[in-house]
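Read through the structure below, which is laid out as structure tokens, and then see the notes.
The values are calculated or read from the model by the stated rules, or taken from the named source; none is laboratory data. Bear in mind the structure is a predicted one, so any value in this text is a computation, not a measurement. Glycine also receives a Cβ, built like all others from the backbone with ideal geometry; neighbour counts cover every protein chain displayed.
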Amino acid sequence: MNINIKFPDNSVKEYPQNVTPLEIAESISHGFAKTVVTAKVNEKLVDMDSNIKEDADINFFKFDKEIGKEVYWHSTAHLMAQAVKELYPDVKVTIGPAIETGFYYDFDKEIPFTDEDIVKIENKMKELSKQDLKYVRREVSKKEAINIFSEMGEDYKVELLNEIPEGEIISIYTQGTFTDLCRGPHLIDTGKIKAIKLLKTSGAYWHGDARNKMLQRIYGISFPSNKELNKYLHDLEEAKKRDHRRIGKDLDLYSISDDVGPGLVHWHPNGAIMRSIIERYWLDRHFEVGYQVVYTPHIGKAELWETSGHLEFYSESMYNPIIVEGQEYYLKPMNCPFHIAIYQSQKRSYRELPIKYAEMGTVYRFEHSGALHGLMRVRGFTQDDAHIICTPGQLNEEIDKVLVFSLDMLRAFGFRDFEIFLSTMPKKAVGKKEDWDKGIEALRKALDNHDIQYKIDEGAGAFYGPKIDIYIRDALNRSWQCSTIQFDFNLPERFNMEYIGTDNQTHRPFMVHRALLGSLERFFGTLIEYHAGNFPLWLCPVQVKVIPISEHYDNYAQAVKDNLKKSGIRVEVDFKSEKIGYKIREAELKKIPYMFIVGQKEKESDTVSVRKHTEGDLGSFKITEIIEKLQKEIESKL
């Protein structure tokens, strides 16, 4: 008996019943089959050796797709656990998921893994991968699974099994001597894992709960080729050099103190200068394009967050209430309800719309200490927030404007390579289908109008509306999310937002959330890493360092500084009694864009000898000439 298999290009081909995805891939070509990691059959991910019993749609995934990477890395996590168990039989295994880049596995081991242990484990993994051990799936009852893992002494697996509802299908995977509890799917065999590197170890509490036992976590990465692994390791080293936490300290931009509180940022003078420049530019641009800037409180009554739905759906990310005169108040996790309150402070007419409120509003969200990461994940941050409230008829024009504005703003900070996603209606959503359709069409039309390449992320919109997400890519091809343009069909309903239309009747406005920079803290961290601390001149806290070759020229250096300051250029003089080479090296380490060297020749000719960071000597310039050059560079924002 044959069955019909439909491919992504809508072609259909007959195969024998119980054909496997691997056999179908082989029928396309042997080379293709060698590169495939997993398959989706009728929208369900399956192992490549699973049997297809009836007509089905099929889609294959290689390592270059996210799904392919996830299966590949999860299979490697199982391989690592096997290596650990064979080397250290008394160790108990817990969980080992794929993560964004690579995988980890948590082990219960009394003595932490040493560097020597990690080398042994990695070598054992390579040895096992060469044995082409099959990943064999077996479905068992919950009782049978508990017996299997109890006999193995794997208490953590038994605990996980006891949390699974009765009657649910339990699958286990075995490769060689190792058996694990897992939904799958997995690779066909360990031989597909060609290049492996274990990266680091850390402690991790079972279930992420500090009341539980501390486990030993090993992180790793794997690839289908050594070339891909070597590129990743090279990029990893480059990423370390760009790490905003290291550069932030070297350039004295910010700090986070455990004495004050984890995840709470202190902006140092250099960082604060940059922040103020960013905020001033942000304000000027928003005023130019018709936004109204507002400021709102840091706390709000519990009833406000009940109406907005935050207490129902978002309470885990909110801090405990503050009691004021017997009433509960919460630190705000978002600015939206406050902007709505301003809108509702008076009756609104269609003649007033669109109304565009913008705010650099500081919000507070609870993050577990283990999730905090420099400026990228903090507990208190300033959100570059705006809400566009408009009529349905104004929608297309406003979305077009905000898309252009978003990209224009990002380009001003030096970002050039964008990746854009349009997220559509999920299965669970609020709002009318026709409103969703209007919103999606407005987003799509704006992208198409400007010939912007984008990807459709089907069903990935928030429950309250479709959205555009703008990511930037840096020199290491890393992706950073910045801008979001997000419809909201939820809050206008919850707060009963209205305007008086041309028919003198009340109507519900459309509301669009919009963050251009997102979190100012995360944006700043992204800016640091994207530019590796070599910021565009207009953003640098110190744009010029004047360096006298000896104390005899301090007065001339001071006069140069005064001249630059009058021209609006941020400048310092290095008056230290060090050799000129030391002063130049120090300015280079601080990534100061320009150094003006002054001595007898410069003093007599009213010039400066100019050096540029990373480029070296540019020659001698008259003061007025170099000021004009710098002002043009600052104005161009290049």
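Against the condition under 23 Å from Ile592 (Cα atoms), of a type outside the set (A, V, I, L, M, F, W, C) and exposed (fewer than 13 other Cβ atoms within 10 Å of the Cβ), how does Asp259 come out, does it pass? Considered against the rule, which asks whether it is under 23 Å from Ile592 (Cα atoms), of a type outside the set (A, V, I, L, M, F, W, C) and exposed (fewer than 13 other Cβ atoms within 10 Å of the Cβ), Asp259 comes out as no. Of everything in segment 167-188 that is of a type in the set (D, E, K, R) and surrounded by fewer than 19 Cβ atoms within 10 Å (Cβ to Cβ), the residue that is farthest from Val91 (Cα to Cα) is Glu168.
On the given criteria, is Val12 in contact with a strand residue (DSSP E or B) (Cβ under 7 Å, 6 or more places away or on another chain) and modelled with pLDDT under 95? So Val12 fits the description; yes.
So that you can scan it fast, the table gives a plain yes or no per residue for (1) aromatic (Phe, Trp, Tyr); (2) touching a residue at least 60 places away in the same chain (Cβ under 8 Å); (3) more than 24 Å from Glu66 (Cα to Cα); (4) not in a loop (DSSP other than H, G, I, E, B):
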{"position": "Ala83", "(1), (2), (3), (4)": "no, no, yes, yes"}
{"position": "Gly96", "(1), (2), (3), (4)": "no, yes, no, no"}
{"position": "Pro112", "(1), (2), (3), (4)": "no, yes, yes, no"}
{"position": "Lys120", "(1), (2), (3), (4)": "no, no, yes, yes"}
{"position": "Lys143", "(1), (2), (3), (4)": "no, no, yes, yes"}
{"position": "Ile146", "(1), (2), (3), (4)": "no, no, yes, yes"}
{"position": "Lys157", "(1), (2), (3), (4)": "no, yes, yes, yes"}
{"position": "Pro185", "(1), (2), (3), (4)": "no, yes, no, no"}
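Listed by first and then second residue, the pairs with beta-carbon distance under 6 Å, at least 6 apart or on different chains, first residue in segment 51-67 and over 23 Å from Val12 (Cα atoms), second of a type in the set (Ser, Thr, Tyr), are Phe63/Tyr72. Taking each residue of segment 594-607 that is assigned by TED's automatic domain parsing to the domain that holds Phe621 and part of a strand (DSSP E or B) and looking for partners that are surrounded by fewer than 22 Cβ atoms within 10 Å (Cβ to Cβ) and hydroxyl-bearing (Ser, Thr, Tyr) with beta-carbon atoms closer than 9 Å, six or more apart or interchain, yields Met595/Ser609; Phe596/Ser609; Ile597/Ser609; Val598/Tyr553; Val598/Tyr556; Val598/Thr607; Val598/Ser609; Thr607/Ser620.
The set of residues in segment 188-228 that are part of a helix (DSSP H, G or I) and under 24 Å from the mean Cα position of the chain (by Cα) comprises His207, Gly208, Glu228. Here Val260 meets each of (1) in a loop (DSSP other than H, G, I, E, B); (2) in contact (Cβ under 8 Å) with a residue 24 or more places away in the chain; (3) within 27 Å of the chain's Cα centre (by Cα) with one exception, condition (2). Within segment 620-638, the set of residues being assigned to a helix (DSSP H, G or I) and either exposed (fewer than 15 other Cβ atoms within 10 Å of the Cβ) or polar (S, T, N, Q) (or both) comprises Thr624, Glu625, Glu628, Lys629, Gln631, Lys632, Glu635, Ser636.
Applying the selection to segment 482-517, what residues are at positive phi and of a type in the set (Phe, Trp, Tyr)? Break it down stepwise before answering.
Going residue by residue through segment 482-517, those that are at positive phi are 496, 504.
Within segment 482-517, none qualify.
Take the conditions (1) farther than 27 Å from Glu521 by Cα; (2) in contact with a Gly (Cβ under 9 Å, 6 or more places away or on another chain); (3) at pLDDT below 95; (4) among the small types (Gly, Ala, Ser); Gly370 misses just one of them, which is (1). Within segment 445-471, residues that are surrounded by 15 or more Cβ atoms within 10 Å (Cβ to Cβ) sit with their Cβ atoms under 6 Å from residues that are among the acidic types (Asp, Glu), at 6+ positions apart or across chains, in these pairs: Ala446/Asp400; Tyr464/Asp488; Gly465/Asp488; Tyr471/Glu419.
Anything in segment 389-406 that is buried (at least 19 other Cβ atoms within 10 Å of the Cβ) and part of a helix (DSSP H, G or I)? List them, or say none. Talk me through it step by step, then tell me what you get.
Applying the first criterion (buried (at least 19 other Cβ atoms within 10 Å of the Cβ)) to segment 389-406 yields 389-390, 395, 398-399, 402-403, 405-406.
Leu395, Glu398, Ile399, Val402, Leu403, Phe405, Ser406 - these are the residues of segment 389-406 that are buried (at least 19 other Cβ atoms within 10 Å of the Cβ) and part of a helix (DSSP H, G or I).
Tallying residues that are in contact with a strand residue (DSSP E or B) (Cβ under 7 Å, 6 or more places away or on another chain), without any contact (Cβ under 8 Å) to a residue 40 or more places away in the chain and crowded, with 18+ Cβ neighbours inside 10 Å within segment 278-336 yields 7.
Taking the numbered list (1) in a helix (DSSP H, G or I); (2) over 24 Å from Arg217 (Cα atoms) in turn, Ser150 passes all entries but (2). Summed over segment 367-393, residues that are without any contact (Cβ under 8 Å) to a residue 60 or more places away in the chain and more than 28 Å from Gly208 (Cα to Cα) total 1.
Please give the number of the condition Gln481 fails out of (1) in contact with a Phe, Trp or Tyr (Cβ under 9 Å, 6 or more places away or on another chain); (2) in a strand (DSSP E or B); (3) in contact (Cβ under 8 Å) with a residue 40 or more places away in the chain. Looking at each condition in turn, Gln481 falls short on (3). Scanning segment 545-571 for residues that are over 17 Å from Gln631 (Cβ atoms) and either outside the structural domain of Tyr594 (by TED's automatic domain parsing) or surrounded by fewer than 19 Cβ atoms within 10 Å (Cβ to Cβ) (or both) returns Ile549, Ser550, Glu551, His552, Asp554, Asn555, Gln558, Ala559. Where helices (runs of 4 or more DSSP H) fall wholly inside segment 263-361, the ranges with 1 or more residues that are assigned by TED's automatic domain parsing to the domain that holds Gly393 and within 30 Å of the chain's Cα centre (by Cα) are 269-288, 336-343. The requirement of being surrounded by fewer than 17 Cβ atoms within 10 Å (Cβ to Cβ), closer than 25 Å to Glu441 by Cα and of a type outside the set (S, T, N, Q) is not satisfied by Glu367. Scanning segment 528-585 for residues that are part of a loop (DSSP other than H, G, I, E, B) and of a type in the set (Val, Ile, Thr), we see that the one that is nearest to Ser620 (Cα to Cα) is Ile549. Going residue by residue through segment 244-255, is there one that turns out to be closer than 18 Å to Thr382 by Cα and loosely packed, with under 15 Cβ neighbours inside 10 Å? Scanning segment 244-255, I find at least one residue that is closer than 18 Å to Thr382 by Cα and loosely packed, with under 15 Cβ neighbours inside 10 Å, so the answer is yes.
When restricted to residues that are surrounded by fewer than 17 Cβ atoms within 10 Å (Cβ to Cβ), in contact with a Phe, Trp or Tyr (Cβ under 6 Å, 6 or more places away or on another chain) and in contact (Cβ under 8 Å) with a residue 40 or more places away in the chain, segment 408-434 contains 1.
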